[in-house]
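What follows is a set of notes on a single structure, which appears directly below.
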Amino acid sequence: MSQPANLSPSAYLKDHASAGRGVFASTLIPPGTEILNVTDPLICIPDDAHLDTCCHYCMAEATDEASSVNQAYRPPVKLSYCLGCRVVKYCSKACQTTDWKQKSHKYECVIYKAQYPRVLPVTARAILRMAKQFLSETPGSNIVGGIGALKAHAEGFVKVGGDRWEMANLTAKGAAEFSKVSKQVSFEPEFLRDMYCKLLINSATVVTQTFDPIGLCLAYQGAMFNHSCDPNAIMMFDGRQLSIRSLKEIPKDAEITISYIDNLSTRKERKEDLKSRYFFDCACSLCSSDVQPLESSRCPKCKGSIPSNTTTCPNCNQITPDDELSAAIALAASTTTQRTKRNADKSPTTTLKSLQSLYSANLPPTFPPIPQLHQDLATSYIDEANWKTAFLHLLTLYVKVYPAVYATPYHPVRVVRTFTLAMVLIQIAVDAPEGLGENIDFTKVLYGLLTEVCGNVEKSHGGQSTFAEVVRRKMEEVKVDIGIDSNWEADKWMGKGLRAIPDLEGEVAKIIKIVDEFLETLKSN
Ligand SMILES: [Zn+2]
Ligand SMILES: [Zn+2]
Ligand SMILES: [Zn+2]
Ligand SMILES: [Zn+2]
């Protein structure tokens, strides 16, 4: 089989015993290695919520007035509408020209214009683009990289039926109807439905460097990688540039895997999600294991961790009554179900109530969906500039959740969240709100967090990435603004992580106390 372009020489494509084809390591791959880099995915477009704020070609986000804590220092980006349709926006003439000529906006523009002010949903926009692109492929060539070669799994959609199949039909029918205004070509619904199935099976969510979803991407190179719930690599984006980076050391000839879904969920939820969206039964190493680390519960007596496959505490031999445990687990599951419903109430008030009831049921901070609830609340509080409360939720994740969930300190999500925590801490250090560990040396902690981020960003995002640049600039600014005490020998802290810096032992103890007290208040409410 020919080696697809963009794949690093350290990886090769091979037919897989069970899961079609997969990507394997041709040599030992160290953590933080870029395995794939695609500068020009087939399709990469903003989702509905980001049509107004992202360039329709390069995905650059407009710099908005209220600059988010994660987006400091981006060069200012100003977007202008395509004057033809007034639906899509561009950051430059160059992006507009490329999108027009090479990415079929010339074709779409009339269709979008005819629908205005109604805007086609992202899946309809994507399948029209795929269909147009497909026409330029040599028919029947089945070339690696072509849309024709992508799997559609239409039989899977038919079998699942219900909402998903209805949605495929509806979207295809709508898009076919809309395409009639084009003088170039219009499409049949059946053909577009095939495109829709290919899209849903093979596409990925485009995220910012800080993992906020902004769009939809289809790249055959990304679709070659199989799924694992305990992946050894991760898909990332820098604008429209897609990359896959190793998360741990990958031995020669081991399969390189990424996760298609949210891994902060229980085995049951993961398996259901994968079955309904990708039509396979996950048999990854984690799903096959008896022990699910995230589903460990907490011993009511010694507060130790009880593995998911037992009710007896390995620490003190206390037996948690089975019905007590299953009631807590059922509560967690129903909270997740509630929140994934369409039109779910995700207001901070409701989220906080859910969080309190899960803690009152004696579940530990790692039990799904508790990490997600903390994250959602932190995001809401940051939006409200309620820095102190945002800080408490982020700090809980930093202390109690990330080390368990993201085993390595250079996991990109962990690095990004640690950076967010540092940015929120800057706000707190300014206001110095009461009741937040008065004796903490915020400057030291802030600097400790930033050295952790700076020391890991090369592995997590790559030294040349936009995020690495943001982090380096912030570090320089903080050095100037807060002044570094030369007695700290802070250069020696670089990359270590707060807890591994001997000078910060005292501060870390105070932080852990803050988190423990915060969790107690959540529990007692
Ligand atoms: Zn652009
Ligand atoms: Zn246009
Ligand atoms: Zn799995
Ligand atoms: Zn115990």
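Throughout, read-outs are computed from the coordinates displayed, never taken from laboratory work. Owing to the predicted nature of the structure, the values given are computational and were not obtained by experimental measurement. In this analysis, Cβ positions are derived from the backbone assuming ideal geometry, glycine residues included, and neighbour counts consider all displayed protein chains.
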Only Cα pairs under 8 Å and at least 6 apart count here; give the relative contact order of the chain as a rounded whole percent. 14 percent
Just to be sure I understand the model, the point goes 7 Å from the Cα along the line to the Cβ. What's the resulting Asn439 to Thr521 distance in nm? 1.9 nm
Assuming R0 = 35 Å, what is the FRET efficiency of Asp212 and His16, from their Cβ-Cβ distance, to the nearest 0.05? 0.60
Quick check: net charge around Cys316, other residues with Cβ under 13 Å of its Cβ, Lys/Arg +1 and Asp/Glu -1? +3
Taking square-rooted eigenvalues a ≥ b ≥ c of the alpha carbon gyration tensor, is the chain rounded, prolate or oblate, where a/c under 1.5 means rounded and, failing that, a/b exceeding b/c means prolate? prolate
In what sequence do His374, His461 fall when counting other Cβ within 10 Å, fewest first? His374, His461
Under 5 Å, built H, 5+ apart or other chain: amide partners of Ile256: Val23, Phe24, Ala25
What are the ³J(HN,Hα) values, in whole Hz, obtained from phi via the Karplus relation 6.51 cos²θ - 1.76 cosθ + 1.60 with θ = phi - 60°, for each residue of the range 37-45 in sequence order, with x given for Gly and Pro? 9, 10, 7, 9, x, 3, 10, 7, 9
Flagged as over-length at 18 Å C-alpha distance, from Lys106/Lys183; Lys479/Lys513; Lys444/Lys510; Lys113/Lys183; Lys132/Lys180, the pairs are Lys479/Lys513
By how many degrees, 0 to 90 and rounded to 10, does the Cα axis of helix 267-278 deviate from the longest principal axis of the chain? 10 degrees
Between the Cα axis of helix 387-396 and the main Cα principal axis of the chain, the angle (0 to 90°, nearest 10) is 90 degrees
Within the under-14-Å Cβ sphere about Ala131, not counting Ala131, Lys/Arg +1 and Asp/Glu -1 give a net charge of +2
Counting other C-beta atoms within 10 Å, which of His227, His393 has the fewest, and how do the rest follow? His227, His393
Apply the a/c threshold of 1.5 to the C-alpha gyration tensor of the range 42-218 and tell me whether it is rounded, prolate or oblate. prolate
Multiply the residue gap between Val158 and Ala385 by 0.36 nm, knock off their C-alpha separation, and tell me the result in nm, one decimal place. 77.0 nm
With Cα coordinates, the longest principal axis of the chain makes an angle with the long axis of helix 370-383, in degrees rounded to 10, of 80 degrees
Just want the ordering: Ser228, Ser92, from fewest to most Cβ atoms lying within 10 Å of their own Cβ. Ser92, Ser228
Using θ = phi - 60° and Karplus 6.51 cos²θ - 1.76 cosθ + 1.60, couplings along the range 311-318 (whole Hz; Gly, Pro as x): 10, 9, 6, x, 8, 10, 6, 4
When only Cα pairs under 8 Å and 6 or more residues apart are kept, what is the percent relative contact order across the range 342-524? 24 percent
State the extension gain, in nm to one decimal, for the chain segment bounded by Ser26 and Thr349, taking 0.36 nm per residue of separation less the distance between their alpha-carbons. 111.2 nm
Given only helices, namely DSSP H runs of n ≥ 4 each adding -39500 (n - 2.57), what is the per-residue ellipticity at 222 nm of the chain, to the nearest 500 deg cm²/dmol? -13500 deg cm²/dmol
Looking at the square roots a ≥ b ≥ c of the eigenvalues of the Cα gyration tensor of the range 233-284, which shape do they give, rounded for a/c under 1.5, prolate if a/b is larger than b/c, or oblate? oblate
Rg to Rh for the range 342-524: what is it, with Cα atoms only and Rh by Kirkwood? 0.96
